[in-house]
1. How large is the dipole of region 13-130 about the Cα centre if only Lys and Arg carry +1 and Asp and Glu carry -1, each at its Cβ, rounded to the nearest 20 debye?
2. Per-residue counts of other Cβ atoms within 10 Å, averaged by peptide: what ranking do you get for 18-29, 64-75, 46-57, 112-123, highest first?
3. Would you mind calculating the gained length between residue 109 and residue 48 on full extension (0.36 nm times residue separation, minus the Cα-Cα distance), in nm to one decimal?
4. Take the alpha carbon gyration tensor of region 13-130, find the square roots of its eigenvalues, order them as a ≥ b ≥ c, and report rounded if a/c is under 1.5; if not, report prolate when a/b exceeds b/c, else oblate.
5. Express in nm, to one decimal, how much length is gained between residue 63 and residue 77 on full extension, taking 0.36 nm for each residue of separation and deducting their alpha carbon distance.
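Read the figures in this text as sums done on the coordinates, not as results from a lab. As the structure is a prediction and not an experimental result, all values here were calculated from the model. For neighbour counting, all protein chains shown are included, and Cβ atoms are generated from backbone atoms with ideal geometry for every residue, glycine included.
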Amino acid sequence: MNSNNDVLDRGPFFHGTKAELKIGDLLEPQYLSNYQDKKSNHIYFTATLEAAKWGAELAKSGSKERIYVVEPQGEFENDPNVTDKKFPGNPTRSYRSKFPLKIVAELGSWERHSDEQINHMIASINKLHEEGKFVIYD
């Protein structure tokens, strides 16, 4: 985990979702995960728009895709689901925390992935589920 003397990343930080939130709202752990059928022990966020776009596009909901600018309200760590397990280091600048994230803004517009790219990603995730290889370390 990071401390004030050992900052992992200074941001800005983003959270992609389909939840409709307001400035000042807090995103907190212990809500149903978008990627598994259980509550998540962490709240996930990123310092790259690309990773936030995937979060919004893959979220389980028929609601509008949104990307929020967030501020961590406590310590956070590298997301072990992508750090070193899938990509050396942390190129996606992806993090998780057991502390809330405060919504400070919503991106008004951003370019989403093509439907073809999104469908390919969903098919890849579904294949990993079927093979029992889709594991989230939470």
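1. 200 debye
2. Working: 18-29: 14.0, 64-75: 17.8, 46-57: 19.9, 112-123: 11.9.
Highest mean packing first, the order is 46-57, 64-75, 18-29, 112-123.
3. 20.4 nm is the gain from fully extending residue 109 to residue 48.
4. rounded
5. 2.1 nm
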